[in-house]
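The values are calculated or read from the model by the stated rules, or taken from the named source; none is laboratory data. Keep in mind that what you see is a predicted model, and the values were worked out from it rather than measured. Cβ: placed from backbone, ideal geometry, glycine included. Neighbour counts: every protein chain shown.
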Amino acid sequence: MIVNQWVPAAHRGDAIGDSARRVRDLLRQSGHQSDLFALTIDDDLRGDVRPFADREARAGDITIFHFALPSPMTGAFATLPGRRVLQYHNITPASFFAPYDAGLFRLAALGRRELKTLAGRVDLALGDSEFNRQELESLGFTPTGVMPIAVDTDRITTAPRRPALEEILGDGLINILFVGRIVPNKRIEDHIRLAELYKRYVDSYYRFIFVGRYDGLPRYHAQIRALIAEFKMLPDRFWFTGPVPGEDLAAFYRWADVYVSLSEHEGFCVPLVEAMASDVPVLAYAAGAVPETLGGAGVLFAPKDLELAAEMLGTLVYDRPVRERVLEGQRRRLADFAPARIEGRLRELVAGLS
């Protein structure tokens, strides 16, 4: 059977594209013919991902379309002759972008409108979380289901060492990590407020590290920098790295004392899985799909009481028995994202459409 996938953009290190390539490999191991097609492809992926213009893109007995933004793929997908499976990776609500960028506001609003045009035109609509599945159902999609992102944790856990970077990270400061784009729904400003409270009540030997692009919304990044200055905090205690190679990302996880998520909208949140795979305790605000992804692991809190969060952060750093209990729970949860589990769910999906 030919089981193809479509993704608008194939970028190395992007959670959706990485998951799609991993799913393709699992499908091939199961004996299916499978390729991944994209509109835009990173140069180093051109031998691995095929262009959407290729006529074979429409030849699948089953085609899985990964939807996270509007694109010309949407209309083409609705007319495919084979079985059509939508995999929805969530769209950040446009309201988060309104104060910062009219173009991104419009793109997010258009994405949701475009998604709704596929209701009634697919054989199966999947969310990569129950949170996303419920949104699909509210938009009129049926039948619906859940297919988690296939997270490649090996790229984190087996990456080569980075001695120069690790010497910096091992200088004695407590490393508090966040991984992801610097965008409003992630509430990076709350990380700065958390840092001020942590410094005031717990410990002044800290470093907050933000790994991910910060150039997408310059006004938002400037606002965060202004908040650091307003609190009269040491600028070198806040490290905005921008995009980094996989080996560097692994080093940041390896040397993290705690992973913190204060996001107010997440459709899945891959870094939570990566942190668990790296044996880094997670402290997270319970919003969107975050509680579902953690599945009872990590430390969740709500409402967003940052004084309480600072106290919990200190406990995860310095209370070794508590820290170890949290890590034990995360190791158990991580087993749910093992390749064998994903492969089994994929096998069920294909069999149900055959």
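Can you name the residue in segment 289-309 that is in contact (Cβ under 8 Å) with a residue 60 or more places away in the chain and part of a loop (DSSP other than H, G, I, E, B) and is also surrounded by the most Cβ atoms within 10 Å (Cβ to Cβ) among such residues?
Once the filter is applied, the top-ranked residue is 289.
Give 13, 47 a once-over and let me know the one that is more than 19 Å from the chain's Cα centre (by Cα), of a type in the set (Gly, Ala, Ser), within 29 Å of residue 341 (Cα to Cα) and at pLDDT below 95.
47
Could you go through segment 270-288 and let me know if any residue there is crowded, with 17+ Cβ neighbours inside 10 Å, among the aromatic types (Phe, Trp, Tyr) and over 22 Å from residue 134 (Cβ atoms).
no
If a residue must be part of a loop (DSSP other than H, G, I, E, B), closer than 26 Å to residue 191 by Cβ and not charged (D, E, K, R), how many such residues does segment 133-177 contain?
7
When segment 105-158 is examined, which residues are found to be of a type in the set (A, V, I, L, M) and under 15 Å from the mean Cα position of the chain (by Cα)?
Those that are of a type in the set (A, V, I, L, M) and under 15 Å from the mean Cα position of the chain (by Cα): 147, 149, 150, 151, 156.
Residue 12 fails exactly one of the following numbered conditions: (1) crowded, with 20+ Cβ neighbours inside 10 Å; (2) closer than 23 Å to residue 268 by Cα. What is the number of that condition?
(1)
Kindly indicate the residue of segment 259-289 that is more than 13 Å from the chain's Cα centre (by Cα) and of a type in the set (Ser, Thr, Tyr) and also nearest to residue 306 (Cα to Cα) among those meeting that condition.
285
Hand me the list of strands (runs of 3 or more DSSP E) wholly inside segment 3-68 holding 2 or more residues that are more than 27 Å from residue 249 (Cβ to Cβ).
Fully inside segment 3-68 and qualifying: 3-10, 62-67.
Within segment 312-337, count every residue that is surrounded by fewer than 12 Cβ atoms within 10 Å (Cβ to Cβ) and either under 28 Å from residue 20 (Cα atoms) or among the acidic types (Asp, Glu) (or both).
Of the residues in that region, 3 qualify.
I need the full set of residues from segment 216-240 which are more than 23 Å from residue 252 (Cα to Cα) and either of a type in the set (A, V, I, L, M, F, W, C) or in contact with an Asp or Glu (Cβ under 6 Å, 6 or more places away or on another chain) (or both), in order please.
Of everything in segment 216-240, those that are more than 23 Å from residue 252 (Cα to Cα) and either of a type in the set (A, V, I, L, M, F, W, C) or in contact with an Asp or Glu (Cβ under 6 Å, 6 or more places away or on another chain) (or both) turn out to be 217, 222, 226, 227, 229, 231.
Output the number of the condition that residue 246 fails; it satisfies all remaining conditions of (1) at pLDDT 95 or above; (2) surrounded by fewer than 20 Cβ atoms within 10 Å (Cβ to Cβ).
(1)
Where the second residue is of a type in the set (Val, Ile, Thr) and part of a loop (DSSP other than H, G, I, E, B) and the first is surrounded by 13 or more Cβ atoms within 10 Å (Cβ to Cβ) and lies in segment 43-71, which pairs have Cβ atoms under 8 Å and are six or more apart or on separate chains?
Partner pairs satisfying both residue conditions: 68/91; 69/91.
Within segment 181-237, work out how many residues are within 17 Å of residue 100 (Cβ to Cβ), assigned to a loop (DSSP other than H, G, I, E, B) and touching a helix residue (DSSP H, G or I) at 6+ places or on another chain (Cβ under 6 Å).
Total meeting the criteria: 2.
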